[in-house]
Amino acid sequence: MTKIVLASGSPRRKELLAQIGLDFDVQVSFVDEQITKTKPDEIVCELSMQKAQAVFDNILTEDVIVIGADTIVYNDGKILGKPKDEADARQMIAGLSGNTHQVYTGVSCIWNGGSFQFAEKTDVVVYEMTPEEIADYIHTPEPYDKAGAYGIQGAFAAYVKKIDGDYNNVVGLPVARLYHMLKEYELI
């Protein structure tokens, strides 16, 4: 049986893959990310492929499928990664407040003899937040390891008015689409 390797240390991605019943190992990619694209869907595909390729190149067995993923938040023409500090987190959350933004996740799968990749986009509408609500939120540990400075599955859920698209994509991995792509390529 082909071994699946997730090229990510994200606890959320691990939970999502386990949730759909896939058996997998984790090997974190420490690739130096190089962005040459400009469109958000192309950027996440490029970065997810870099992560998957770096792990694939370090695995000695041929019978493996490596899954790489990258998620960004795109708001008002800007890419929001993980906040650098409290001020950065405050600015990101203030920008999301009362607006609609997009979450893009790129997924790349590599195996001996093939690969595929795709990008998933979800629109997220956020309620208007008061300065006090923003301050309270950024003083939790939640914003600091997530693109866009929030986790939809955590306390920030109180401010999400609606989403249009895949909820799991916003969490960090569109597992339904990934599962069906793996089936389509007869990898599972």
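Selection of the stretch 29-52 for residues being more than 12 Å from GLN117 (Cβ to Cβ) and either free of Cβ contacts under 8 Å to residues at least 24 places away in the same chain or touching a Leu at 6+ places or on another chain (Cβ under 8 Å) (or both) yields VAL31, ASP32, GLU33, GLN34, ILE35, THR36, LYS37, THR38, LYS39. Counted as qualifying within the stretch 1-118 are the strands (runs of 3 or more DSSP E) with 2 or more residues that are over 18 Å from HIS180 (Cα atoms) and out of contact with any Asp or Glu (no Cβ under 9 Å at 6 or more places or on another chain), namely 24-26, 64-75, 78-80.
Within this structure, MET129 passes the test of being over 15 Å from the mean Cα position of the chain (by Cα), assigned to a loop (DSSP other than H, G, I, E, B) and more than 30 Å from LEU22 (Cβ to Cβ). Exactly one residue among GLU46, GLU42, GLU86, GLU62 is surrounded by fewer than 22 Cβ atoms within 10 Å (Cβ to Cβ) and touching a helix residue (DSSP H, G or I) at 6+ places or on another chain (Cβ under 9 Å), and that residue is GLU86.
Mind listing just one residue for me: the one in the stretch 147-164 that is under 14 Å from the mean Cα position of the chain (by Cα) and of a type outside the set (S, T, N, Q) and, of those, farthest from ASP85 (Cα to Cα)?
ILE152
For ALA147, the test of being at negative phi, small (Gly, Ala, Ser) and touching a strand residue (DSSP E or B) at 6+ places or on another chain (Cβ under 8 Å) is passed.
Read-outs: derived from the displayed coordinates by stated rules, not from any lab. Note that the structure is predicted; figures quoted are calculated from it, not measured. Cβ: placed from backbone, ideal geometry, glycine included. Neighbour counts: every protein chain shown.
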